[in-house]
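J.: The structure that follows is given in the form of structure tokens.
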Amino acid sequence: MTTSRTLPIEVRGSAKQPLGMSPAQFLRDYWQKHPLLIRQAFPDFVPPIEPNDLAGLALEESALSRLIIHNESRDRWKVKTGPLTEKDFASTPDSNWTLLVQDVDKWDADVAALLEHFNFLPSWRLDDIMISYAEPGGGVGPHVDQYDVFLLQGIGQRHWAISTDPDAPKDFRPDVELKQLQVFEPTNEWLLEPGDMLYLPPGVPHDGIAFGGPCMTISVGLRSPSQAELTGDLADYLAERLPDELRYSDPDLAPAKAAGEIDRAALARLKQALPFAAGMDEATLLDWFGRFITRYRNAQLPVPPEKATTEAALIKQLDGGAQLLRHPWARMAWARRKGGATLFVNGHAYPTSVELAERVCSERTLEPGKRVPVDEASLLVALVNDGHLVARKSKRQ
Ligand code: SIN
Ligand code: CO
């Protein structure tokens, strides 16, 4: 079995080389790239914790544990989150259940000592050691993890199935809270013995099922913050350090040509106020700013009407002479985009034409006139249904 013609997916380890190769070779060829099964990564492996101690830990108030029972005939999954009780364990069936305890390395120094074998990785990339105990058939079902993981077999045998197909579907089953995959078609399957270790990079669908008897699996999990988490925290970090007096400023302001437009000069000033975002894609920066500035310092927000209107109903009202009044709390702005404009209202963005964006921003009362073009009607309906415009009979009638 090979991942490519030259790269084996299965190797044999030894006490000297738990990865079956040098750490440098593992990092170059497999780390974050390809799964690898290492037979006897830990020869004569003796797990550092007994199943009973793991169960005892699951009773602790602050330990993170889950008991998962699979009703195979009905394909129902029951998940009980810890702290667990003696009663929970007393009522487990003979098979098809598993106990999982996270962060066991924080509770048990012998378990933490296992991490020394992973010191070829930066220590801050390591998350925790999760340990599972399962009776035959027990597991968490097919799923995908966002992090690298080393799955070391501790006691008994576990059947592992994985998919190396980069296009494997990743949709979740809607009926199970375990984020199980709806479809899982394995490309590789193995039976792991104590001391065998399976490395999985992020995003590889996998399913491990206890086989034959009691089974303990030790998962050394890595952590890597998402770009969303990094961005959010960096923004908080920078914001905390910036003095309140440093603000968006426009001493060079020229008379506005079009009401509400966030124009090129405003975009340039924005980049000056956000030096770390200067390299950002302009369309994204504008989209964010338009939403932000129309929400900024709004003490209240318009509320959508109880009953939404339709395009036909609104056209009828307008043809009958009704006006559209801007809600007093509706804040508006617009920006040019490829092929038209984006109108921003109270944090919402609506694609439209430059003409209509300008008009909606400049006129507090819209008199659309006898004929309302269809492309205008769809924007006006959206604005009415979001509460930003209110249709009212014209006073002049
Ligand atoms: C397990 O130990 O049962 C599950 C580990 C995993 O698949 O992430
Ligand atoms: Co997993």
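J.: For L37, list long-range residues whose amide hydrogen, built 1.01 Å from N in the peptide plane, is under 5 Å from its own amide hydrogen.
T.: Amide H neighbours of L37, under 5 Å, 5+ apart: E10, V11, Y199.
J.: Go through V390, V79 and list them by solvent-accessible area, largest first, probe radius 1.4 Å.
T.: V390, V79
J.: Okay, moving on. Using the heavy atoms of the protein chains alone and a 1.4 angstrom probe, what is the accessible area of the chain per residue in square angstrom?
T.: Per-residue accessible area for the chain comes out at 56 Å².
J.: In a Gaussian network model over the chain where Cα atoms closer than 10 Å are linked, find which of A235, A55, A266 has the largest mean-square fluctuation.
T.: Highest fluctuation of the listed residues: A266.
J.: Now, a different point. With the chain treated as a Gaussian network of Cα nodes joined by springs under 10 Å, which of L356, L67, L192 yields the largest mean-square fluctuation?
T.: Sorting by GNM fluctuation, first place goes to L356.
J.: About its Cα centre, what dipole magnitude does the chain give when the only charges are +1 on Lys and Arg Cβ and -1 on Asp and Glu Cβ, stated in debye to the nearest 20?
T.: 2460
J.: Would you kindly derive the ³J(HN,Hα) couplings of segment 250-258 from the backbone phi angles with the Karplus curve 6.51 cos²θ - 1.76 cosθ + 1.60 (θ = phi - 60°), listing them in order in whole Hz, with x for Gly and Pro?
T.: Rounded to whole hertz, the list is 9, x, 8, 4, 9, x, 5, 7, 10.
J.: Further question on the same structure: Might you work out the accessible area of I315 for me, using a 1.4 Å probe with all protein chains in place, and round it to the nearest 10 Å²?
T.: Its heavy atoms expose roughly 40 Å² to the probe.
J.: Continuing with the same structure: How large, in percent, is the carbon and sulfur part of the accessible surface of segment 34-192 at a probe radius of 1.4 Å?
T.: In segment 34-192, the share of accessible area belonging to carbon and sulfur is 48 percent.
J.: Sticking with this structure for a sec: In terms of the Cα gyration tensor, with a ≥ b ≥ c the square roots of its eigenvalues, is segment 10-222 rounded because a/c is under 1.5, prolate because a/b exceeds b/c, or oblate?
T.: oblate
J.: How high is the FRET efficiency from S73 to R12, r the C-beta distance, R0 30 Å, rounded to 0.05?
T.: With a Förster radius of 30 Å, E is 0.15.
J.: In what order, largest first, do L230, L178, L37 sit by accessible area if the probe radius is 1.4 Å?
T.: Result, largest first: L230, L178, L37.
J.: Determine, from the Cβ-Cβ distance of D44 and K106 and an R0 of 25 Å, the FRET efficiency 1/(1 + (r/R0)^6), rounded to the nearest 0.05.
T.: The computed FRET efficiency comes out at 0.40.
J.: Run down the lysines and flag those whose C-alpha is under 30 Å from the C-alpha of K106, throwing out any fewer than 8 positions away in its chain.
T.: List returned: K16, K33, K78, K80, K87, K179.
J.: Turning to a different aspect of this structure: When the chain is modelled as a GNM with alpha-carbon springs shorter than 10 Å, which of H70, H159, H348 fluctuates the most?
T.: H348
J.: Sequence-distant or interchain residues sharing an amide H contact under 5 Å with A341, placed H: which?
T.: Under 5 Å from the amide H of A341 lie the amide H atoms of T352, S353, V354, each far enough along the sequence or on another chain.
J.: Moving on. What ranking of E135, E185, E10 comes out by heavy-atom accessible area, probe 1.4 Å, highest first?
T.: The most accessible residue leads, giving E185, E10, E135.
J.: Hey, could you get me the Stokes-Einstein D for segment 168-291, Kirkwood radius over alpha-carbon pairs, 37 °C and 0.692 mPa s, rounded to whole µm² s⁻¹?
T.: Reported coefficient: 159 µm²/s.
J.: Let me know the shape class of the chain, please: from the alpha-carbon gyration tensor, a ≥ b ≥ c as square roots of the eigenvalues, rounded when a/c is under 1.5, otherwise prolate if a/b is greater than b/c, or oblate.
T.: prolate
J.: So which helices of the chain fit the span-like rule, where a helix is a whole DSSP H run, its Cα atoms reach 15 Å or more along the axis, and its mean Kyte-Doolittle is at least 1.0?
T.: 374-385
J.: If you count only protein heavy atoms and use a 1.4 Å probe, how large is the accessible surface of E72, to the nearest 10 Å²?
T.: So the heavy atoms of E72 present about 120 Å² to solvent.
J.: Express the carbon and sulfur contribution to the solvent-accessible surface of segment 257-397 as a percent, rounded to the nearest whole number, probe 1.4 angstrom.
T.: 54
J.: Now for a different question. I'd like the accessible area for I209, computed on protein heavy atoms only with a 1.4 Å probe and all protein chains in place. Round to 10 Å², please.
T.: 60
J.: Place +1 on the Cβ of every Lys and Arg and -1 on the Cβ of every Asp and Glu in the chain, take the dipole about the Cα centre, and give the residue among T98, V204, N188 whose Cα lies farthest towards its positive end.
T.: V204
J.: Within the chain, what percent of beta bridges assigned by DSSP are antiparallel, to the nearest 5?
T.: 95
J.: Which is farthest toward the positive dipole end of segment 10-222 among G213, I155, I38, measuring Cα position about the Cα centre, with Cβ charges +1 (Lys, Arg) and -1 (Asp, Glu)?
T.: Most positive-ward Cα: I38.
J.: If you filter segment 245-332 for GluC sites (Glu not before Pro), then keep DSSP loop positions with at most 10 other Cβ within 10 Å, what is left?
T.: Hits after loop and neighbour filter: E245, E306.
The values are calculated or read from the model by the stated rules, or taken from the named source; none is laboratory data. What you see is a predicted model, and the numbers here were worked out from it, not measured in a lab. Backbone-built Cβ (ideal geometry, glycine too); neighbour counts: all protein chains shown. All accessible areas refer to the heavy atoms of the entire protein, side chains included, with ligands and DNA or RNA removed. Shrake-Rupley method; radii C 1.70, N 1.55, O 1.52, S 1.80 Å.
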